[in-house]
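Report on the following structure.
The values are calculated or read from the model by the stated rules, or taken from the named source; none is laboratory data. Every value quoted in this text rests on a predicted model; they were computed, and no experiment measured them. Cβ: placed from backbone, ideal geometry, glycine included. Neighbour counts: every protein chain shown.
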């Protein structure tokens, strides 16, 4: 498989934040922003692999600035690092006050996607390579983030096993 540059997977989506998208504070629902993030990141992963993908993990999503009704939200994503069947995707969301032009990064996140075949089994993906300084910074730390995800996933599996499917007080 031929290596691909990070930029080949770049995906951008801009949406207007309307009243149905907001909570009682007049700001974008966090879950709505997370849906935008997953959608754009998945498109970036498919662009890189040219295969169907599934979301394997989402690293922490920190809401740095509110996104207000009437603002726009621009979500940008690209593949930063790859393993055998998985792809790490960096996502940045920028809110813009459309009346003043004031823009702020409101969220950053890393998501991991796995490419799958027709039976839903993981399949290999092309390697990715960075070109710009920003891409290199993200790529250089990809293996470390992957190791953290692996450890976190192990802990999540242990919690799932410990707690099971019933409420703790009914065991």
Does region 115-123 contain at least one residue that is surrounded by 12 or more Cβ atoms within 10 Å (Cβ to Cβ), within 14 Å of the chain's Cα centre (by Cα) and in a loop (DSSP other than H, G, I, E, B)?
no
Starting from region 59-78, keep only residues that are without any contact (Cβ under 8 Å) to a residue 60 or more places away in the chain and at positive phi, then list their pairs with residues that are in a loop (DSSP other than H, G, I, E, B) and buried (at least 17 other Cβ atoms within 10 Å of the Cβ) whose Cβ atoms are within a distance under 7 Å, requiring at least 6 positions of separation or different chains.
70/17
Mind checking which residues of region 9-20 are surrounded by 15 or more Cβ atoms within 10 Å (Cβ to Cβ) and more than 16 Å from residue 94 (Cβ to Cβ)?
9
Positions within region 146-171 being touching a residue at least 24 places away in the same chain (Cβ under 8 Å) and either more than 20 Å from the chain's Cα centre (by Cα) or closer than 22 Å to residue 8 by Cα (or both), in sequence order:
146
Suppose we keep only residues that are without any contact (Cβ under 8 Å) to a residue 12 or more places away in the chain and either assigned to a loop (DSSP other than H, G, I, E, B) or within 13 Å of the chain's Cα centre (by Cα) (or both) within region 91-108. Which one would you say is surrounded by the most Cβ atoms within 10 Å (Cβ to Cβ)?
102
Answer yes or no as to whether residue 135 is buried (at least 18 other Cβ atoms within 10 Å of the Cβ), in contact with a helix residue (DSSP H, G or I) (Cβ under 6 Å, 6 or more places away or on another chain) and assigned to a helix (DSSP H, G or I).
yes
Inspect all residues belonging to region 72-90 and state whether any of them is modelled with pLDDT of 95 or more, out of contact with any strand residue (DSSP E or B) (no Cβ under 7 Å at 6 or more places or on another chain) and either under 18 Å from residue 132 (Cβ atoms) or surrounded by 14 or more Cβ atoms within 10 Å (Cβ to Cβ) (or both).
yes
Name the residues in region 22-50 that are assigned to a loop (DSSP other than H, G, I, E, B), in contact (Cβ under 8 Å) with a residue 12 or more places away in the chain and either touching a strand residue (DSSP E or B) at 6+ places or on another chain (Cβ under 8 Å) or within 15 Å of residue 88 (Cα to Cα) (or both), would you?
26
